[in-house]
Amino acid sequence: MTGIESMLLRRGVSVDQVSEIVFSLQRPYNADLTMKECEESVRAVLAKREVQYVMYTGIALDELAEKRLLPEPLQSIMETDESLYGVDETLALGITNVYGMIGLTSFGYLDKVKPGIIRQLNVKGEHIHVFLDDIVAGLAAAASARIAHQDPKAIRYHLPDSP
């Protein structure tokens, strides 16, 4: 298990939970898809340095907010998960951008529907997950897009040669 996976587990998120979301996104387009492929895709996305940096930053902000160590008004914004804040989604988009438009549109869908662990993280309780729920959605969206880009059955379009 990698350090970033341990960090996610400490916050209540497993690779398996993210992989389930990836599977639900890609299974309608790929009947041969396995959970193992989804797990491999999640781990491949987690291995990217730019993804890790986003995750370190968002998780650190969530943890600082839980300890009430952020300056106002940021502390209050984090405690109430202010709907107009938007920085959490903006940060998570850094993960989705690794795999292009499929990742972006999948992230929008996941942010709206909030399946599985994303919904659990979004419930207000003793922990603050303002960033983590969006980071997990970004991770699942990127892993899903990675699978879509690698699907050998996908139609490939080629631009005609220019005159």
Quote the convex hull volume per residue of the chain, based on C-alpha atoms, as a whole number of Å³.
134 Å³
Fewest first, what order do Asp16, Asp133 take by the number of other Cβ atoms within 10 Å?
Asp16, Asp133
Treat the count of other C-beta atoms within 10 Å as a stand-in for reagent exposure and order Glu20, Glu50 from fewest to most.
Glu50, Glu20
FRET efficiency, 1/(1 + (r/R0)^6) with R0 22 Å, evaluated for Ser83 and Arg27 via beta carbons
0.10
If I stretch the segment between Met35 and Ala47 completely, what's the gain in nm (0.36 nm per residue apart, minus their alpha carbon distance), one decimal?
2.5 nm
May I ask you to sort Val13, Val45 by Cβ crowding, counting other Cβ atoms within 10 Å and putting the fewest first?
Val13, Val45
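The numbers here are math on the coordinates, done by the rules we state, and not lab data. These numbers come from a predicted model, not from an experiment. Glycine gets a Cβ as well: all are built from the backbone with ideal geometry, and neighbour counts include every protein chain shown.
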